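Derivation of every value follows stated rules applied to the coordinates shown; laboratory data play no part. The structure displayed is predicted, hence computed values, not measured ones. Reconstructed Cβ throughout: ideal geometry from the backbone, glycine too, with neighbour counts over all protein chains shown.
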Amino acid sequence: MQFFFEILIGGLLSGVMYSLVALGFVLIYKASGVFNFAQGAMVYFAALSVVGCMEKGAPLWLALILAFFIMLLFGMATEKFVLRKMVNQTPISLFMATIGLTFFVEGFAPLVWGHSVRGLDIGIVDEPIESVLDSLGIVVSRFDLVAALIAGLLVTGLALFFQYTRVGRALRAVADDHQAALSIGIPLERIWAIVWGVAGFVALVAGMLWGARNGVQFALTFTALKALPVLILGGFTSVPGAIVGGLIIGASEKLAEVYIPPVMQAMFGGNFGGIEGWFPYVLALLFLLVRPEGLFGEKHIDRV
Amino acid sequence: MFYREAGQFKTSYGADQQILPIRQDRIGMVVLLAVAFLGVPMFASEYWFSAILIPFLIFALAALGLNILTGYAGQLSLGSAAFMAVGAYAAYNFQLRIEGIPILVSFLLGGVVAAGVGILFGLPSLRIKGFYLAVATLAAQFFIVWCLTKFPWLSNNSSSGVISAQKIIIFGHEFNSPQDKYLLVLGIVVVLALAAKNLVRGNVGRSWMAVRDMDVAAEVIGFRIMRTKLTAFAVSSFYCGVAGALYAFCYLGSVEPDGFSLELSFKILFMIIIGGVGSILGSFVGAAFILLLPVLLDVLLPALSETLSLPVDGASISHIQTMIFGALIMFFLIVEPHGLARLWQIAKEKLRLWPFPH
């Protein structure tokens, strides 16, 4: 039982890391209807920028601020040079454009900052928390817990920002209806630029945590693939959906990885590890068959 | 002046409905086929066959398959490489396990098996749409590749699932040289492309397009959504499956499951975007573009860095290539969202008037 809880907690905490990436997707999709495949590449770019600035001699806090401005600029440039030129095209075209953007960033980021694998030290050690280990006998990583806390803070901050600031209100208006928002004088283009900036910020936080955990390397772009099932499970348009989806995916993925392969091995023989790659997708797919718009997504009504 | 249909009268329904209604187009097509079947084998070098022409035809076939699903039936799929893998592995297993089965039959059966798997993974499309479906097709991509790696029976117990394609022997003739393989692939692709063209012109294709344009409306006027969507998945996967079998047997010779990665799926997707979504011609143009672009950049970039005397190392060049690739895709989507096939159409319109202004 102890083992079960250990895996469950580990899964939930790593699920929070998936949520972080999924959050970036949700923000942009909500505000501009663009399914931004480049979010994973942005995570990579952000992490590389932090490491790159630190290599140039900047301390961590300065590197983070610099990276934040780089991501802000990048987001705004994307909005201005790519998406604004594609207004009125089908969502699929926009999606493809972000795949193009993914390739661009995957080439651009290492070109500027170098492509070698580097570590990122943000001052939190990845070791079990002793008090929990002593009292319950469960290994809980301190790093994961801190990461979860940061994610929680980020989500609360974003929720407050959306709820109580002027810009946040404008963002929600744009998300609801572009045309109506435009007609009451909300500057659509500026709002989109802000959204891309915020998504860049989320990517920076995700990149920092993932980078500190696994090293800053090209594999960071694959975080997008981890976030996609979270996204369809929680619904493309829902911030709480991204969090709950992340928790479900994280926990079930780790549990499945431990408990399913032995069963399959008993049935067929051979080695069946590595189901983490597809299990979240199949799980999300099964959820979709029951709720086609995800757990918290907006119900889509078709009119002829 | 030369490209006009003036004076070409149609006197029968058959003449009115043919694929190429203008005589100049028909002549052009005959010339093109003659060049492909006769001219190219005479002049092309071995490198051209095995590095450019054969992959071009195979990818064009796969792009054609994806175009049927995405361009004609409107179901975005990110799993085409997985269906290619199914085709390749199925064809391999038919060759391996059934004594004396003709190779062409096992190619076809490979396609049929891929179609079956396609129907299975197409089932969610009855309930989910758009991006949700696109992500769901990723389930197919990852699951199929994982299965091929983990079930040793599928790859005849070879380590990490690598298979080596058997020899291609048709009526006692062994297709060994690149030239032979090219002709074989060309023949299959031409037949299948013709079939696809006719399919999308006919009843099935129209129902696909009706569902693409608005599925609720299509359902109301009497199209059966389930049948339409699933036939689209089946036909699309069949094409991808055959392309996969050819990929293994005629192009690479030995393949592993990881070769059919998400990256390959994206490559095929890019082909239809750049070539033209919902266009048979576009699949070919797009495949040519995506295949030739890296070759071109390979040649151009080092030459460019040399003339400008910039010190650029190999890694940087590959990064710049990726960048240019991504930038070009965005550029095309902004400038010509209907793809290169649309440019060809515009050119034809202009040609009809040339050299007069009206």
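Students often check this: by mean Cβ neighbours within 10 Å, which of A:64-73, A:276-285, B:95-104 ranks highest, and how do the rest follow?
A:276-285, A:64-73, B:95-104
What is the order of B:D16, B:D298, B:D180, fewest Cβ neighbours within 10 Å to most?
B:D16, B:D298, B:D180
So how strong a dipole does the range B:21-259 carry about its Cα centre when Lys and Arg Cβ are +1 and Asp and Glu Cβ are -1, to the nearest 20 debye?
With only Lys, Arg, Asp and Glu charged at Cβ, the dipole is about 680 debye.
Order these by the 10 Å Cβ neighbour count, fewest first: A:K56, B:K229.
Arranged by neighbour count, lowest to highest, A:K56, B:K229 become A:K56, B:K229.
Can you give me the convex hull volume of the Cα atoms of chain A, divided per residue and expressed in Å³?
Spread over its residues, the Cα hull of chain A gives 162 Å³ apiece.
Please rank A:S141, B:S80, fewest neighbouring Cβ atoms within 10 Å first, as an exposure proxy.
A:S141, B:S80
With only Lys, Arg, Asp and Glu charged, each at its Cβ (+1 for the first two, -1 for the last two), find how big the charge dipole of the protein assembly as shown is about the Cα centre; round to the nearest 20 debye.
With Lys and Arg at +1 and Asp and Glu at -1, about 2040 debye.
Tell me whether chain B comes out rounded, prolate or oblate; compute the Cα gyration tensor, take square roots of the eigenvalues as a ≥ b ≥ c, and use a/c under 1.5 as the rounded threshold.
Verdict is rounded for chain B.
Two decimals is fine: what is log10 I(q)/I(0) at q = 0.11, 0.14, 0.20 Å⁻¹ for the range B:1-145, from a Debye sum with one equal scatterer on every Cα and no solvent?
After summing over all Cα pairs, the log10 values are -0.69, -0.94, -1.14.
Calculated FRET efficiency, B:H358 and B:I52, Cβ-Cβ r, R0 45 Å, to nearest 0.05?
0.60
On a 0 to 90 degree scale, rounded to 10, what angle separates helix A:279-290 from the longest Cα axis of chain A?
60 degrees
Toward the positive end of the charge dipole of chain B, about the Cα centre and with charges on Cβ (Lys, Arg +1; Asp, Glu -1), which of B:I168, B:N198, B:G241 goes farthest?
Projecting each Cα onto the dipole axis, the largest value belongs to B:N198.
Only four residue types carry charge here, +1 at the Cβ of Lys and Arg and -1 at the Cβ of Asp and Glu. Report the dipole size of chain A about the Cα centre in Debye, rounded to the nearest 20.
960 debye
Does the range B:75-213 come out rounded, prolate or oblate by the C-alpha gyration tensor, with a ≥ b ≥ c the root eigenvalues, rounded set by a/c under 1.5 and, if not, prolate when a/b is larger than b/c and oblate if not?
oblate
Between A:I65 and B:V335, what is the label-point separation in nm under the 7 Å Cα-to-beta-carbon projection?
Here the answer is 4.2 nm between the modelled labels.
Students often get this wrong: which residues of the range B:283-314 have the backbone nitrogen under 14 Å from the point 7 angstrom along Cα-to-C-beta of B:V35?
B:285
Filter the DSSP H helices in chain B by two things, a Kyte-Doolittle mean of at least 1.6 and an axial alpha-carbon span of 30 angstrom or more, and list the hits by number.
Span-like helices here: B:280-307, B:314-335.
Hey, with R₀ at 45 Å, roughly what FRET efficiency would B:R227 and A:F218 work out to, going by the Cβ-Cβ distance, to 0.05?
E(calc), rounded to 0.05, equals 0.55.
Measure nothing but the geometry: give the 0 to 90° angle between the long axis through the Cα atoms of A:91-113 and the longest principal axis through the Cα atoms of chain A, rounded to 10°.
In chain A, helix A:91-113 runs at an angle near 70 degrees to the longest axis.
Measure nothing but the geometry: give the 0 to 90° angle between the long axis through the Cα atoms of A:142-164 and the longest principal axis through the Cα atoms of chain A, rounded to 10°.
Result, in degrees: 30.
Net charge near A:L288, counting Lys/Arg +1 and Asp/Glu -1 over other residues with Cβ under 15 Å of its Cβ?
+2
Taking the Cα centre of the range B:252-358 as the origin and placing charges on Cβ (Lys, Arg +1; Asp, Glu -1), which of B:F289, B:V277, B:L308 is farthest toward the positive end of the dipole?
The listed residue farthest towards the positive side: B:V277.
Label B:S158 and B:I19 with points 7 Å out from Cα along Cα→Cβ: what is the distance between them in nm?
3.5 nm
Just to confirm a number: summing +1 for Lys and Arg and -1 for Asp and Glu over residues other than B:G74 whose beta-carbon lies under 10 angstrom from that of B:G74, what do you get?
Cβ neighbours under 10 Å give a net charge of +1.
If you take every residue apart from A:V21 with its C-beta less than 15 Å away from the C-beta of A:V21, what net charge results, scoring Lys and Arg +1 and Asp and Glu -1?
That sum, taken over residues with Cβ under 15 Å, equals +1.
Return the ratio Rg/(2.2 N^0.38 Å) for the protein assembly as shown, where Rg is computed over Cα atoms only.
1.02
For A:M267 and A:Q179, what is the calculated FRET efficiency with R₀ set at 56 Å and r taken between the beta-carbons, to the nearest 0.05?
About 0.50, to the nearest 0.05.
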